[in-house]
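The next block holds one structure in the form of structure tokens; read it before the comments.
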Amino acid sequence: MKFLITGGAGFIGSNYCHYVTEKYPEDEFVCLDALTYAGNYNNIKSLEDKPNFKFVKGNITDMELVDKLFAEEKFDVVINFAAESHVDNSIKNPRIFLETNILGTQTLMDACRKYGIKRYHQVSTDEVYGDLPLDRPDLVFTEENPIKTSSPYSSSKAGADLLVGAYYRTYGLPVSISRCSNNYGPYQFPEKLIPVVFSKAMKDEKIPVYGTGENVRDWIHVYDHNVGVDMIVRNGRVGEVYNLGGHSERTNLTVVKTILKQLGKSEDLIEFVADRKGHDLRYAIDSTKAETELGWNRTHTFEEGIKETIEWYVNNQDWVDNILSGEYKEAYKG
Ligand code: NAD
Ligand code: DAU
């Protein structure tokens, strides 16, 4: 089978490319990525010589490019990881979020309709459900929760999800959607909480904790997320949404202190700063559907996973430095 993986030079997509090219040598994987500021060719450079991997630089909103690629490659499956993904950026500049996350999704699905595919999979987020109160630990998100978004980012992801549902109902496009909680692991761009804490702590710089640090996220290792996506794409039912969660709810302050402890750094580095506008309080995911229907489960506990992840960042500090210096933009020679 031939797969199109969009956003494969980003954090989750690149981990996905490493996972599937190794696991399925008989399948072919084409990665389409615009290499925006968040795309880093270094994440997938080591796949260059694999016979079942090919990289194409391009934007998912570029109708001509997408059409030509579909005509040439005749994909069986499309997995859309490509997105503007950082909530803080969406608060400052929403427009690009609507362009990439909604119009990009539409462009890909129109090509799927025109050329025919077996499955279009949308990589979505638990943020489409909004947030949960801090004092109701009994509440979790199921696939039946209404869409109720807080940020321009989550609204753009929700808009895309609704469009995916519409293409299923209106055109019969064979779609599926996964909604996952907060990922951590190798290759995460140092704008998100965990790599921010790592890169600042290593330089003994202050670590900005928004508000009180009591907001809760449900952390999942990127490997476990990607195994879930692969299972849904291959065995999940068409037209369905599957939640994927980490069963690892932690306050931001707990996450920050865990990393500082592992690095042997002082908690004095923590600096409470102005809260994020519209800051979601708590996410918690019920993944029973993926577990019972697909046999999906997590292989990492938060404690093991975060330890292994911080070790990865320590051993790959040049990867982080390369981004901080801007040098990573030169990695793709095209
Ligand atoms: P990321 O920002 O690290 O990577 C996004 C990738 O998409 C980059 O390589 C970028 O170059 C590419 N891209 C952006 N705009 C593009 C465009 N117009 N055309 C082609 N490529 C483009 O994001 P991530 O954290 O890896 O997230 C991947 C997907 O998973 C996103 O759809 C995100 O909404 C979703 N998601 C993320 C998390 C998380 O915790 N990071 C959790 C649940 C769902
Ligand atoms: O839940 C899934 C979502 O998780 C994904 O859909 C998003 O793409 C992904 O970015 C992530 O969103 P968050 O906003 O939860 O992740 P972020 O790492 O930006 O922030 C995690 C928490 O930490 C959040 O409560 C804000 C806080 N934070 C973040 C940063 C970058 C800080 O306190 N300080 C910081 O410097």
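The values are calculated or read from the model by the stated rules, or taken from the named source; none is laboratory data. Note that the structure is a prediction, hence the values are computed from the model and not measured. Cβ placement follows ideal geometry from the backbone for every residue including glycine, while neighbour counts extend to all protein chains displayed.
Tabulated results
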{"quantity": "Residue that is modelled with pLDDT of 95 or more, of a type in the set (S, T, N, Q), crowded, with 19+ Cβ neighbours inside 10 Å and more than 20 Å from VAL233 (Cβ to Cβ), where the choices are SER124, SER151", "calculated": "SER151"}
{"quantity": "Residue in the range 92-119 that is nearest to SER176 (Cα to Cα), counting only those that are surrounded by fewer than 17 Cβ atoms within 10 Å (Cβ to Cβ) and under 19 Å from the mean Cα position of the chain (by Cα)", "calculated": "GLU99"}
{"quantity": "Counted residues, the range 251-281 - those being buried (at least 20 other Cβ atoms within 10 Å of the Cβ) and more than 16 Å from LYS206 (Cα to Cα)", "calculated": "1"}
{"quantity": "Which listed residue, of SER14, SER85, is buried (at least 16 other Cβ atoms within 10 Å of the Cβ), near ligand 1 (Cβ under 10 Å from one of its atoms), part of a loop (DSSP other than H, G, I, E, B) and modelled with pLDDT of 95 or more", "calculated": "SER85"}
{"quantity": "Whichever residue in the range 29-53 is buried (at least 17 other Cβ atoms within 10 Å of the Cβ) and more than 17 Å from the chain's Cα centre (by Cα) and, among such residues, is farthest from ligand 2 (Cβ to nearest atom)", "calculated": "ASN52"}
{"quantity": "Criterion: within 14 Å of ligand 1 (Cβ to nearest atom), touching a strand residue (DSSP E or B) at 6+ places or on another chain (Cβ under 6 Å) and not acidic (Asp, Glu) - qualifying residue of SER156, SER124", "calculated": "SER124"}
{"quantity": "Cross-chain or 6+ apart pairs with Cβ under 6 Å, the range 151-170 first and among the β-branched types (Val, Ile, Thr), then at pLDDT 95 or above", "calculated": "VAL164/GLN122; VAL164/VAL175; VAL164/ILE177"}
{"quantity": "Residue ranges of strands (runs of 3 or more DSSP E) in the range 181-263 with at least 3 members within 15 Å of ligand 1 (Cβ to nearest atom) and either among the hydrophobic types (A, V, I, L, M, F, W, C) or touching a His at 6+ places or on another chain (Cβ under 7 Å) (or both)", "calculated": "216-221"}
{"quantity": "Search result, residues across the range 119-167 that are among the polar types (S, T, N, Q) and under 21 Å from GLY278 (Cβ atoms)", "calculated": "SER124, THR125, ASN145, THR149, SER150, SER151, SER154, SER155, SER156"}
